[in-house]
There are 2 protein chains.
Amino acid sequence: MNVQPPVQVDETQMANAIRALTMDAVEAAKSGHPGAPMGLADVATVLFNRFMKIDPKDHLWPDRDRFVMSAGHGSMLVYAIHHLLGYEDMDVGQLRNFRQLGSRTAGHPEYGHAMGIETTTGPLGQGIATAVGMALAERMMNARFGDDLVDHHTYVLAGDGCLMEGISHEAIDLAGHLGLGRLILFWDDNRITIDGSTDLSTSMDQVKRFEAAGWHVQSVDGHNNEAIAKAIEAARADDRPSMIACRTVIGKGAPNMGGSHKVHGAPLGKMEVAATREALGWLHEPFDIPEAVYAAWRQVAQRGADARRSWAGRKMASPKGGAFNAFHEAVDARALNAAITAYKHRLSHDAPKVATRKASEMALEIVNGTLPNSVGGSADLTGSNNTKSKTQRSITPDDFSGDYIHYGIREHGMAAAMNGIALHGGLRPYGGTFLAFADYCRPSIRLSALMGVPVTYVMTHDSIGLGEDGPTHQPVETIASLRAMPNLTVIRPADAVETAEAWEIAATATDTPTLLVLSRQDLPTFRTKHTDANMTARGAYVIREPKSGRDITLIATGSEVEIAQEAAEALAEDGIRAAVVSAPSFELFARQSADYRCMVRGCAPRVGIEAAVRQGWELFLERGDGFVGMSSFGASAPAAALYRHFGITAEAVVASAKDKIEKRKHS
Amino acid sequence: MNVQPPVQVDETQMANAIRALTMDAVEAAKSGHPGAPMGLADVATVLFNRFMKIDPKDHLWPDRDRFVMSAGHGSMLVYAIHHLLGYEDMDVGQLRNFRQLGSRTAGHPEYGHAMGIETTTGPLGQGIATAVGMALAERMMNARFGDDLVDHHTYVLAGDGCLMEGISHEAIDLAGHLGLGRLILFWDDNRITIDGSTDLSTSMDQVKRFEAAGWHVQSVDGHNNEAIAKAIEAARADDRPSMIACRTVIGKGAPNMGGSHKVHGAPLGKMEVAATREALGWLHEPFDIPEAVYAAWRQVAQRGADARRSWAGRKMASPKGGAFNAFHEAVDARALNAAITAYKHRLSHDAPKVATRKASEMALEIVNGTLPNSVGGSADLTGSNNTKSKTQRSITPDDFSGDYIHYGIREHGMAAAMNGIALHGGLRPYGGTFLAFADYCRPSIRLSALMGVPVTYVMTHDSIGLGEDGPTHQPVETIASLRAMPNLTVIRPADAVETAEAWEIAATATDTPTLLVLSRQDLPTFRTKHTDANMTARGAYVIREPKSGRDITLIATGSEVEIAQEAAEALAEDGIRAAVVSAPSFELFARQSADYRCMVRGCAPRVGIEAAVRQGWELFLERGDGFVGMSSFGASAPAAALYRHFGITAEAVVASAKDKIEKRKHS
């Protein structure tokens, strides 16, 4: 029965709608996290009711405010609000099917599953760091297109977990340094974590911590609406990023369980739900919302729709409107292809002997010269990653018109910020670090892949070829660990031409991140015969085919292709016919036709060569095939000494090839 | 020619010896990082000359002070000091062979490569977080054995890179919360990073930041010895962990390059080396140290030797001496085996149906009941990881006598702290989180593996079986990524008996970390027939062998063994003879004899079953074999629905088995 009390709808009612939908959905799912949405309902209501600028009818409107629920387990807060605002894909059926197969209401907010979800959250701290990227992108786009077209805020709700995670430090430091004044973070200070009171594990003075990072900080009662509103106003008025510490009661409204860690991650149970209804004076059936409450929430949507219309008018009138649109459109793949093809012509002719990290820098001159919205950066290894092209200018706190970001020694923060920049729209980010430190940003790489965000990771110093810095800096298992990840294109080019092709693939990707694996050491250009075709896009291809058939097929990637070629020459001297395959990308090869794959692999025995572990090579190798690579961590010595020490040499390949040919004869 | 000026040796001379050895070694290697050792030479000299308590003749003396060079690229600081102190394995030949193959002087300090290196550093921030574990272990051992036997400090040198990395936040917050007063961190405040000035990427007020975390903080001129000494005295007197901000000049002494980022990571070059010698008044040949300088440094060693002797006397006299020794000895494997075997008897009889995370908790009752120095913990998922056994008591800032650590929502900090606890000696740590968050602590897991530190990672919620929390929380590629890592034993047990066996392996490991992969969902006990032998230690073993030969072999791990068994039953009904192999650990299986491996795999076609990606399964499968698992990220829904949705079912296994049998017939 639908009981609608004849009260005037105030923000308390609007917030209680969030609380009720949350506890009802979690109850229906028999799983979920009611604590955070109920505790944050007042903060969220004030934020949306009085400030948020979004239009549910145009959920991708570029100048909308961004809302990030960094405490992603509180997903029902987002779903409830979207339902109340009238997002067309968030009907009550979605709420009733919270956390069920095929619903848009996943356990944690998933980008792309429902309108208005700006980023996937759940792994703690990621939301904050991604929001920093969004807020940075906003300022960069503002510097390019002015206040008329770009002028919005990024709001983040974060819990104690988000603020304990290390990534939050990297994000907060970077945001404070850059002075991202349009970033406003609400800390859900409920003093509860899963294990119990926050006293169990932290004594951090968060206010002082954020101040140390250069933030504007305020503290409010998270259930005092006027105080919340005043704080948001002050935050918006300040030039610095703002943190608003909101003292809240987790599970606010639940009379017996509120304030306790028991309300964090489990349904309240029938009794407590009933008691909560009673305590809140919310006497409606489950999932039942009074029309007056809907109407109040829809006013927020209406305000946003008006703002969007006004913005559209400004864009129409702006001389920069066309360029603004172009920034948001797909990459001009034809123009890029023409530029890359011309460049490949020159490369084939010049045949430079350069490290692929250097070749990447050369290719970036083309990419950055062709794509106006390419944005580079590095986690403090600019000169080593070769990520800055000649015309790029560094972003500074005073000038966001540049196109190169000094992310600092913050691989994790960089990767998450790149996700945020890409998700914001308008810009295409890439960023560099050493490949060994892919581990430092792996959780954010995983989110790039899960969300399908086309960022590019430039990862150099890709093997024992790094040399003297030793095993902590030498990837061995890293490439395999990245190839294991769904929806990530890993490319390890072998020369300058393949590197150019790899950049073309990365720069035109639409829903897959690309990770470039690049050498420190110089490599000869073997692609001396120009092809218009992007051979790297095939994943693997034959670069040496004996005329009269194969005795053996040598398959290598990156810096080891040179070794395979040497070995093939040596084998030829012994009358052994070796084909050589360059295999820059396993993921791209796996997508080729069975016929093509069979042709590349051939029927002769095979030897794989890669200065890394064998795991993942089953794409090319059978159990009986040979592999010349690593099976332990590396060591500290000059690169050439290490290759000899670990037996990754043409001689070793020749020996393995002869062994496999011999074994095949007797099988 | 050996020119020894007749000057009295003061700390400046002692420090200049570090500077000279550093620039000479980097020059000889033609690679390395002179900037940090030269900048920190004064701080390090004061610390060692006036405070450090170490005995080079007994480098593992348990009550020694710990020194951690978190800015590991400054490894020459450590090697130079060890040489000057007279560590017998650090003769001048080692310095001349800096960064060369087989030398002890690796590019970054490597634990186990040379005496006195307390932990491997280089990946930035790890040293700080590992030192927190050491300082925590010191307090825990002190609580058990008193000031007479345990009373030492942990000193850390850290740079801007260490303090920018997220892991530093986790470590600093944890140390401040626990009030680890014996931890003293020196910040090398040289205002330079690789990209240039720190102004490029950070505006952090580090003093305020550490104060916010509850630390005692001082600022000094890092080239004023008396000020440094006074600060160390004050730090030692304070109950809180201490940070001493040392304003230094990077590459101090180099007249033209000092103070610039050019001196960070490359040789100074002959000219600047000569100019530095001139500027320092250090007119000795390369690698030549005046005897008087050696003598001064050897006094430090002498003071340490005296302290050690005095400590040895106290231990001899202490009633706790025997127990103290026992804590430092290898685990009593026989006692543990007896307890585990008795427990396995009961399990085989009772055949409980429990999640392996619950089975892990049950096994921990045995492990923790048998090993007095086992120390548990979780990154705020105690109730979900089931890591706390009944008698365990939580560590608090006021009482370190407990044996359970609330690490907070800090997976990375936890893993590094566990490394530190294990490296400190005396305690055996384990700690839990969700398997998906292995990514958050992967850099520290890698260091566990690289150093060969026997910590145990308890990683639960190991697949889509996690259910409604969705793809951010569901490992898919995680197991493969961990199996790729050298020297890490990954074990995914399938029932309570295998879980007990896995714990026996983990608890007795000496130079390999173990990572337990555990289910959220209940699994039946299939090991209902007791065996004394630890079958899990074989890595894989046959649990169902058809009497008259195999038509197919089904190989599964963890929660999927149940599915394999169901499928075998269903196949039997169709007259198809299926063997079933449980394969809890690929690494342990790879170490078995070829005969054993061949016997387990069998000659029939095979189907692998694991709710994860296929990568890594080449250990068991040929290309033509079947695999029932995942090839994409997961989804949000109840576990049973997800297993059906992704086709990881007995029916799918049956279909794959029949297909492979059919294909074999026609091949």
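The values are calculated or read from the model by the stated rules, or taken from the named source; none is laboratory data. Please read these numbers as outputs of a predicted model, since none were measured by experiment. Cβ: placed from backbone, ideal geometry, glycine included. Neighbour counts: every protein chain shown. Side chains are part of the model used for accessible areas, which takes the heavy atoms of the whole protein and leaves out ligands, DNA and RNA. Shrake-Rupley method; radii C 1.70, N 1.55, O 1.52, S 1.80 Å.
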Of (1) at pLDDT below 95; (2) over 27 Å from residue A:93 (Cβ atoms); (3) among the β-branched types (Val, Ile, Thr), residue A:220 satisfies all except one. Which?
(1)
For the stretch B:641-660, which positions are surrounded by fewer than 23 Cβ atoms within 10 Å (Cβ to Cβ) and facing chain A (nearest Cβ under 10 Å)?
B:641, B:644, B:645
Hits in the stretch B:528-542 - residues which are surrounded by fewer than 22 Cβ atoms within 10 Å (Cβ to Cβ) and under 14 Å from residue B:601 (Cα atoms)
B:538, B:541, B:542
Output for the stretch B:92-109, where each listed residue is in contact (Cβ under 8 Å) with a residue 40 or more places away in the chain, closer than 16 Å to residue A:474 by Cβ and either touching a Gly at 6+ places or on another chain (Cβ under 8 Å) or of a type in the set (D, E, K, R) (or both):
B:99, B:107, B:109
If you take the residues in the stretch B:377-409 that are at positive phi and within 9 Å of another protein chain (Cβ to nearest Cβ), which one is surrounded by the fewest Cβ atoms within 10 Å (Cβ to Cβ)?
B:408
For residue A:240, indicate whether it is assigned to a helix (DSSP H, G or I) and either in contact with a Leu (Cβ under 7 Å, 6 or more places away or on another chain) or of a type in the set (Lys, Arg) (or both).
no
The one condition residue A:631 fails out of (1) open to solvent by 60 Å² or more (accessible area, probe 1.4 Å); (2) closer than 20 Å to residue A:523 by Cβ; (3) assigned to a loop (DSSP other than H, G, I, E, B) is (2)
Output yes when any residue across the stretch B:342-360 is open to solvent by less than 50 Å² (accessible area, probe 1.4 Å), within 30 Å of residue A:159 (Cβ to Cβ), out of contact with any helix residue (DSSP H, G or I) (no Cβ under 6 Å at 6 or more places or on another chain) and assigned to a strand (DSSP E or B), and no when none is.
yes
Residue that is farthest from the other protein chains (Cβ to nearest Cβ) [pool: residues in the stretch A:179-218 that are open to solvent by less than 10 Å² (accessible area, probe 1.4 Å), within 23 Å of residue A:394 (Cα to Cα) and under 22 Å from the mean Cα position of the chain (by Cα)]
A:183
Number of the condition not met by residue B:525 [criteria: (1) within 27 Å of residue B:371 (Cα to Cα); (2) within 14 Å of chain A (Cβ to nearest Cβ); (3) surrounded by fewer than 24 Cβ atoms within 10 Å (Cβ to Cβ)]
(2)
Take the residues in the stretch B:479-509 that are among the charged types (D, E, K, R) and assigned to a helix (DSSP H, G or I); name whichever of them is nearest to the other protein chains (Cβ to nearest Cβ).
B:483
If residue B:251 satisfies all but one of (1) open to solvent by 70 Å² or more (accessible area, probe 1.4 Å); (2) on the phi > 0 side of the Ramachandran plot, what's the number of the condition it fails?
(1)
Residue within the stretch A:485-500 that is among the aliphatic types (A, V, I, L, M), open to solvent by 10 Å² or more (accessible area, probe 1.4 Å) and not assigned by the TED database to the domain that holds residue A:117 present
no
Odd one out for residue B:306, checked against (1) free of Cβ contacts under 8 Å to residues at least 24 places away in the same chain; (2) closer than 18 Å to residue B:429 by Cβ; (3) not aliphatic (A, V, I, L, M):
(2)
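Determine if the stretch A:514-537 includes at least one residue that is small (Gly, Ala, Ser) and assigned to a strand (DSSP E or B). Let's see the steps before the verdict.
Just the residues of the stretch A:514-537 that are small (Gly, Ala, Ser), to begin with: A:519, A:533, A:537.
From what is left, the residues that are assigned to a strand (DSSP E or B) are none.
Looking through the stretch A:514-537, none of the residues is small (Gly, Ala, Ser) and assigned to a strand (DSSP E or B).
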Being of a type in the set (Asp, Glu), open to solvent by 30 Å² or more (accessible area, probe 1.4 Å), in contact with a Leu (Cβ under 9 Å, 6 or more places away or on another chain) and not assigned by the TED database to the domain that holds residue B:337 is true for just one of B:545, B:569, B:587. Which residue is that?
B:587
The stretch A:609-625 - residue that is among the acidic types (Asp, Glu) and either out of contact with any helix residue (DSSP H, G or I) (no Cβ under 6 Å at 6 or more places or on another chain) or open to solvent by less than 20 Å² (accessible area, probe 1.4 Å) (or both) and, of those, nearest to the other protein chains (Cβ to nearest Cβ):
A:622
Consider residue A:271 carefully, then state whether it is free of Cβ contacts under 8 Å to residues at least 40 places away in the same chain, more than 18 Å from residue A:80 (Cα to Cα) and either of a type outside the set (Lys, Arg) or assigned by the TED database to the domain that holds residue A:97 (or both).
yes
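So that you can scan it fast, the table gives a plain yes or no per residue for (1) open to solvent by less than 40 Å² (accessible area, probe 1.4 Å); (2) among the hydrophobic types (A, V, I, L, M, F, W, C); (3) within 30 Å of the chain's Cα centre (by Cα):
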| position | (1), (2), (3) |
| --- | --- |
| B:284 | yes, no, no |
| B:287 | yes, yes, no |
| B:290 | yes, no, no |
| B:302 | no, no, no |
| B:307 | yes, yes, yes |
| B:311 | yes, yes, yes |
| B:317 | no, yes, no |
| B:324 | yes, yes, yes |
| B:327 | yes, yes, yes |
Provide a single number: the residues in the stretch B:331-374 that are touching a residue at least 40 places away in the same chain (Cβ under 8 Å) and of a type in the set (Asp, Glu).
1
When residues of the stretch A:636-667 are limited to those that are modelled with pLDDT of 95 or more and in a loop (DSSP other than H, G, I, E, B), the one farthest from residue A:568 (Cα to Cα)
A:636
